[in-house]
Amino acid sequence: MASDDAFPPDRQQMIESINRFMDDSVPHNRELGLSVVELGAEEATMRLPYSEKLVGNPETGVLHGGAVTTLIDATCGIAVFMKMARLARIATLDLRIDYLHPATPGKDLLARAECYKLTRAVAFVRALAHHGDVDNPVASAQGTFIIVED
């Protein structure tokens with residue numbers, strides 16, 4: 001993963017702006033420590049920092065599936081915004097997640113989502129959660145989001 005210094009200043013400013021917006025508007029994401037780390041024209045990558053408070057099974061130290069789901073859902077939403085290139089209200093219609101193996105205890109988790117199709121009312125997204133190696137994903141996801149025009 002490239003460092004934040006590798007982004008052009010406008011992209012870095014956009015990442016910082018989105019992170020501030022999420023911190024102010026989505027307390028659940030703020031509490032989990034979610035942050036955008038990379039953006040593209042129709043994609044986003046976010047980080048879920050490992051935390052003992054997010055462990056689902058204290059005997060194994062593995063992150064709870066709910067935290068992983070939130071990471072994937074939030075990343076998919078940001079990817080939809082990137083594809084739309086504007087703000088609009090969106091909501092998750094459907095999110096299917098296949099858990100491929102447990103997250104590694106002590107390691108941050110990344111999710112990369114791509115909005116591959118956008119209609120007037122629905123966005124279609126796919127995502128992978130991983131520890132830095134997309135060829136060894138922890139989870140894969142496919143989702144749809146409704147776009148609400150005011």
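In the context of the full set of protein chains, the range 10-80 has a per residue accessible area of 48 Å² (1.4 Å probe). Per the Debye calculation on the range 20-150 with a single equal scatterer at every Cα and no solvent contribution, log₁₀ I(q)/I(0) for q = 0.13, 0.14, 0.20 Å⁻¹ amounts to -0.49, -0.57, -1.12. Only lysines eight or more places from K107 in sequence, or on another chain, were considered; those with a Cα closer than 17 Å are K53. Within the accessible surface of the chain, defined with a 1.4 Å probe on protein heavy atoms only, the carbon and sulfur portion equals 51 percent. Computed over the chain, relative contact order equals 21 percent, with contacts defined as Cα pairs under 8 Å that lie 6+ residues apart. In this structure the amide hydrogen of G56, modeled in the peptide plane, comes within under 5 Å of the amide hydrogens of V62, L63, H64, none closer than 5 places in sequence on its chain. Farthest towards the positive end of the charge dipole of the chain, among the residues V26, I90, A74, is the Cα of I90, using unit charges on the Cβ of Lys, Arg, Asp and Glu. Rounded to the nearest 10 degrees, the inclination of helix 9-25 to the longest alpha-carbon principal axis of the chain is 70 degrees. Computed over the chain, the per-residue total of -39500 (n - 2.57) for DSSP H runs of n ≥ 4 gives a 222 nm mean residue ellipticity of -9500 deg cm²/dmol, rounded to 500. The long axis of helix 65-84 is offset from the longest Cα principal axis of the chain by roughly 20 degrees.
The values are calculated or read from the model by the stated rules, or taken from the named source; none is laboratory data. Fair warning: this is a prediction, and the values are worked out from it, not measured in the lab. All Cβ positions, glycine included, derive from the backbone under ideal geometry; neighbour counts span all protein chains shown. Protein only, heavy atoms only, side chains kept; ligands, DNA and RNA dropped before computing areas. Shrake-Rupley method; radii C 1.70, N 1.55, O 1.52, S 1.80 Å.
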